[in-house]
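Asks: There's a structure below that I have some questions on.
The values are calculated or read from the model by the stated rules, or taken from the named source; none is laboratory data. The structure displayed is predicted, hence computed values, not measured ones. Reconstructed Cβ throughout: ideal geometry from the backbone, glycine too, with neighbour counts over all protein chains shown. Note: accessible area is taken over every heavy atom of the protein model, side chains too, but ligands, DNA and RNA are not part of it. Shrake-Rupley method; radii C 1.70, N 1.55, O 1.52, S 1.80 Å.
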Amino acid sequence: MKLLLEELAAGNERVDYYMWDLYARVSQWYTADEAEKEARKALRLDTLHAIEHGGNETAEVADLIATAVLRRHLETMERLSIEYDFLPRESEILHLKFWDAARALMIEKGVLYQETEGKNKGCWVMRRAGSEVPTEGPDEDAKVIVRSNGTVTYVGKDIAYHLWKFGLLGKDFGYKPFHQYPNHMCWISTEHGEEQHPYFGRADAIYNVIDSRQNDPQNNVIQALRGMGYEDAADRYTHLNYEMVALTPRCAIELGYTVSEEDQQRAYIEVSGRKGFGVKADDLLDKLIAAAKVEVDSRHPELDEADRFETARKIAVGALRYFMLKYSRNTVIAFDFRDALSFEGETGPYVQYAIVRAANIFRKAGVAEQDAVSDLAAGDLLEGESGVSIWEVWLTASKLTMVIEQAIQNAEPAILAKYVFQLAQQFNNFYHKHHILTESDPAKKKLLLATAAVAKREMVRALSLLGIEAPEVM
RNA sequence: GCACCCGUAGCUCAGCUGGAUAGAGCGGCAGCCUCCGAAGCUGUAGGUCAGAAGUUCGAAUCUUCUCGGGUGCACCA
């Protein structure tokens, strides 16, 4: 395995892409041969147990692969300005006996009990949220936490993990540095870590950003917290769920996948790692950067290559982040290249462009934006048709703080995304109707400059909350 | 079978803690660069808000039911 990783590195091949393909092939291999099916499933289970148990060659190989892929993931996410502080690993949750501590707590609080009859006989189970407990006989609806063979299920490990997150477990990870960002260190869990390290866990609130298919398992964890009397913690636990991203049949065909007749009739097809069916973030970002670069190259030949690339990168990231955030959380995103690769209309670059336009005005006017908003007297300048485009900018710009609060309350970034697009639209309309630099009336010019300054300030503020920055030029 | 989500213009989506002629982008059609950058702006066509009943002065929005689509309900993770 070490040799393979070295070969991939030497050949400039990507580990994550290699493993993506291999994972799909292996997943299909399990069920490919009817006669071998059971044996292969058993091999899969044995391998998983070996990895969980640790201290063997299989676990070492798994660690090598997982770490190599993880490093690639961090690089991908860093391209989108997403950084991590700490990477807790399931292997430490197991090896540091987090589950044993959680199990003891759960039994002590009466949440976990051993079933003595029925289909779950011999298992340790937990009552499911919202289910009726039968007055007699076993609660067949209960969730199995510990299997009859003594191994713990995923939900059990997740409960232990979340008790740690809230500082309720009485145990902690070991920590070691993993990846150095320009401004801070990303730590990773380990069994025996360094003495000096920052503290994680003991969270005031938890937001788990996981798609809606995990609604039930997430509720199990919250139910466990409530059952243990940690009502306060349960209230501060938010499953920030969102609907999945799927591919349109057209998009799937464009990517070269074979799509069945039946699937072609559907509105969208669920992505699947096991089938190797999906779009890779790096590929999409590469496409976006390439498309933006072509435009920037032709518009700004005066810039050097590094600046042009950086500009294209900001535009590409703005397009991608906005695309992911403009849909409300309960909408299934039917991914389509035509929409995702667009820089026009309701997109991040549309807003970035409005900001660049505003910046150009101040650069050419020789006025500092922050000085533009003072001693204003609108007088009768807001009257009539042309006045509308001025005061609607002020009205919308003044609402940002309120919109932010609304977006937080609903845990819905799309509210902010829709808002900033509307503000950019109104600014562009205003920009078209009023020619600021050539305005001869000093009072009016002052008002127009102030309007541009306020619009720009609020657009920049809203975009930065969405993790999008506007380039200097575009 | 049970639970949750969705169904609004040709397409993709907002609007849903009730309020006036239901909005945006894309696509279609017709225009706008001698004027701060056209990745922009303007106009136009396009909708029985899936259907039905109910609550209300008033329903895309709330309630119930029906139809259609999706996702969960593992001794997988």
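Asks: What are the ³J(HN,Hα) couplings of the range A:78-93, residue after residue, when phi is run through the Karplus curve with 6.51, -1.76, 1.60 and θ = phi - 60°? Round to Hz, x for glycine and proline.
Replies: 5, 4, 9, 6, 10, 10, 10, 9, 8, 10, x, 10, 4, 4, 6, 4
Asks: Of the options A:Leu303, A:Val356, A:Ile51, report the single residue whose Cα projects farthest towards the positive end of the charge dipole of chain A (beta-carbon charges: Lys, Arg +1; Asp, Glu -1).
Replies: Farthest towards the positive pole: A:Val356.
Asks: From the square roots a ≥ b ≥ c of the eigenvalues of the alpha-carbon gyration tensor of the range A:1-82, which class results: rounded (a/c under 1.5), prolate (a/b over b/c), or oblate? Provide the component values of the computation, followed by the final result.
Replies: Details: a/c = 2.03, a/b = 1.66, b/c = 1.22.
Note, shape of the range A:1-82 comes out prolate.
Asks: Can you give the extra length, in nm with one decimal, that the chain gains between A:Asp216 and A:His73 once fully stretched, where that is 0.36 nm per residue apart less the Cα-Cα distance? Walk me through the numbers before you get to the answer.
Replies: Working: separation 143, 0.36 × 143 = 51.48 nm, distance 2.72 nm.
That works out to 48.8 nm of additional length.
Asks: Under 13 Å from the 7 Å Cα→Cβ point of A:Val332, by amide nitrogen: which residues of the range A:197-220?
Replies: A:212-213
Asks: In square angstrom, what is the accessible area per residue of the range A:1-82 with a 1.4 angstrom probe? The partial results should precede the final answer.
Replies: Numbers: 5610 Å² over 82 residues.
The answer is 68 Å² per residue.
Asks: So how do A:352-361, A:391-400 stack up, highest first, on mean other-Cβ count within 10 Å?
Replies: Numbers: A:352-361: 20.6, A:391-400: 16.8.
The peptides rank, most packed first, as A:352-361, A:391-400.
Asks: May I ask you to give the solvent-accessible area per residue for the range A:249-340, in square angstrom, as obtained with a 1.4 angstrom probe? Don't jump to the answer; show the numbers that get you there.
Replies: Values: 5000 Å² over 92 residues.
Accessible area per residue: 54 Å².
Asks: Please compute the length gained on full extension between A:Trp20 and A:Asp63, using 0.36 nm multiplied by the number of residues separating them and subtracting their Cα-Cα distance. Working shown, then result.
Replies: Details: separation 43, 0.36 × 43 = 15.48 nm, distance 1.62 nm.
Length gained between A:Trp20 and A:Asp63: 13.9 nm.
Asks: Hey, another quick one. On the accessible surface of chain A, probed at 1.4 Å, how many percent belong to carbon and sulfur atoms?
Replies: Details: 13050 of 25830 Å².
Of all accessible area on chain A, carbon and sulfur atoms account for 51 percent.
Asks: Output needed: percent of Cα pairs per 20 Å distance bin for chain A, bins running from 0 to the one holding the longest distance.
Replies: Spelled out bin by bin, chain A gives 18, 46, 29, 8, 0 percent.
Asks: Quick one: if you stick a label point 7 Å off each Cα along the C-beta vector at A:Tyr257 and A:Ala443, how many nm between them?
Replies: That separation, rounded to one decimal, is 6.3 nm.
Asks: Hey, another quick one. Round to the nearest 10 and give me the degree value, 0 to 90, for the angle of helix A:384-397's Cα axis relative to the longest principal axis of chain A.
Replies: Compared with the principal axis, the helix lies near 30 degrees.
Asks: Still on this structure: Using only the Cα atoms of the range A:177-289, build the gyration tensor, take square roots of its eigenvalues as a ≥ b ≥ c, and label the shape rounded, prolate or oblate: rounded if a/c is under 1.5, else prolate if a/b is larger than b/c, else oblate.
Replies: In terms of gyration-tensor shape, oblate.
Asks: Please report the projected area of the range A:83-242's Cα convex hull averaged over all directions, in nm².
Replies: Computed as one quarter of the Cα hull surface, the answer is 10.6 nm².
Asks: Okay, next question. Could you state the accessible area per residue of the range A:83-242 in Å², with a 1.4 Å probe and every protein chain left in place? Can you show the working numbers first?
Replies: Values: 8420 Å² over 160 residues.
Per-residue accessible area for the range A:83-242 comes out at 53 Å².
Asks: Could you tell me the calculated FRET efficiency between A:Ser27 and A:Ile82, based on Cβ-Cβ distance and R0 = 22 angstrom, to the nearest 0.05? If you can, show how the numbers build up before the last one.
Replies: Numbers: r = 27 Å, r/R0 = 1.24.
The computed FRET efficiency comes out at 0.20.
Asks: Let me ask something additional. Provide the packing ranking of A:423-431, A:38-46, i.e. peptides ordered by the mean count of other C-beta atoms within 10 Å per residue, highest first.
Replies: On the way: A:423-431: 21.1, A:38-46: 11.4.
Top to bottom by mean Cβ count within 10 Å: A:423-431, A:38-46.
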